[in-house]
Every structure is written in C-alpha cells, then in structure tokens.
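**Student:** For reference, the structure I am asking about is given below.
Each reported figure results from applying straightforward, stated rules to the coordinates on display, with no laboratory input. Everything numeric here is computed off the predicted structure, so don't read it as measured data. Please note: Cβ atoms are built from the backbone with ideal geometry, for glycine as well, and neighbour counts cover all protein chains shown.
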Amino acid sequence: MKLTAFTDGASRGNPGDAAIGIVLKDEQGRTILTHKKYLGTTTNNVAEYSALLACLELVNKTETFHCSELVVHTDSELMARQLNGQYKVKDAGLKVLFLKVKEVLTTSPFTFSIRHIPRSLNKEADALANEAIDTK
C-alpha cells in the first residue's frame, strides 16, 4: 500500500516551544492516522526532523498499514533538500538527525521519497503541531 504523509515541526521562537504534527493518508486520500506531540524547547529545524522520524517510526511499527511506498510531504525546504542530496547538512545537531533518518530508512520495508510543498498545502499537520504546543 502506498501511504502519503504530511509532516510538520513547529517552534514558537527559534528555539522555543516546539511540537510535531503528522497526517497519514491512504491511496484514496483518506486520513488513516494523525499524531501530535509536544517536544519542549528546540529549533524549528530540529522539530521538522523530529516529525519525520516520528512518522517513520509510526509507519514501521504499525503492521496494519502494509506500507510498500511512503511519500512524505513537508513544508521544510531545508530538510527535503538535505534528504534529497541537494543541500549538505552543515549543522552538527541536524547531521545527527539526518543520519538517524538515513539509518531508519535502511531497515524500512518501503520505498521512500520526500517532497517539499508550500505551507498552504500542509495545513493539517501544521494545525496538529500547533495544537500540541497549545495544550502542552
């Protein structure tokens, strides 16, 4: 099954209160899972990578999905371009998260792609991340 994920990491302040939001959709575009989590104080970029890692964990551990292909949509141009090899990862903290994503993907049973989308197309994941900050 092909799954489409929308992930977002939000930080109010940079660094500041941060959280993640994830929306998973099936091949028909139906939402099959949502997830939000407050992270504490961190940067927006760390929150974006944290959202992606949480998404990968959810898809890997939830056997009911039988995911063969995962397409992640993110409004983080930096993260998408780093993972697609267009940008180098210069920040030491982000490099740790980048390498963790790559490691998780080596053992994942699905093909993976990541695409940058405008924030306006990522409203559901953004709303979840902001709800998590609001209800910390």
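**Student:** Of all beta bridges DSSP finds with both residues in the chain, what is the antiparallel percent, to the nearest 5?
**Tutor:** Given both bridge residues lie in the chain, the antiparallel proportion sits at roughly 60 percent.
**Student:** Mind ranking 103-111, 37-45 by how tightly packed they are, going by the mean number of other C-beta atoms within 10 angstrom, highest first?
**Tutor:** Answer by packing, highest mean first, reads 37-45, 103-111.
**Student:** Would you please state which residues of region 89-124 a label at Thr31 would reach in this model, taking the label point 7 Å out along Cα→Cβ and a backbone N cut-off of under 20 Å?
**Tutor:** The answer is 117-124, whose backbone nitrogens lie closer than 20 Å to the label point.
**Student:** How far is it, in nm, from the label point at Lys95 to the one at Met1 when both lie 7 Å from their Cα along the line to the Cβ?
**Tutor:** Distance between label points: 3.9 nm.
**Student:** Determine the calculated [θ] at 222 nm for the chain from helices alone, applying -39500 (n - 2.57) to every DSSP H run no shorter than 4 residues and normalising by the residue count; nearest 500 deg cm²/dmol.
**Tutor:** -12000 deg cm²/dmol
**Student:** Can you order the peptides 46-53, 75-82 by their average number of other Cβ atoms within 10 Å per residue, highest first?
**Tutor:** Top of the packing list down: 46-53, 75-82.
**Student:** Right, another one. Residue separation times 0.36 nm, minus the C-alpha to C-alpha distance between Glu77 and Asn14: what's the value?
**Tutor:** Taking 0.36 nm per residue and subtracting the Cα distance, the gain is 21.0 nm.
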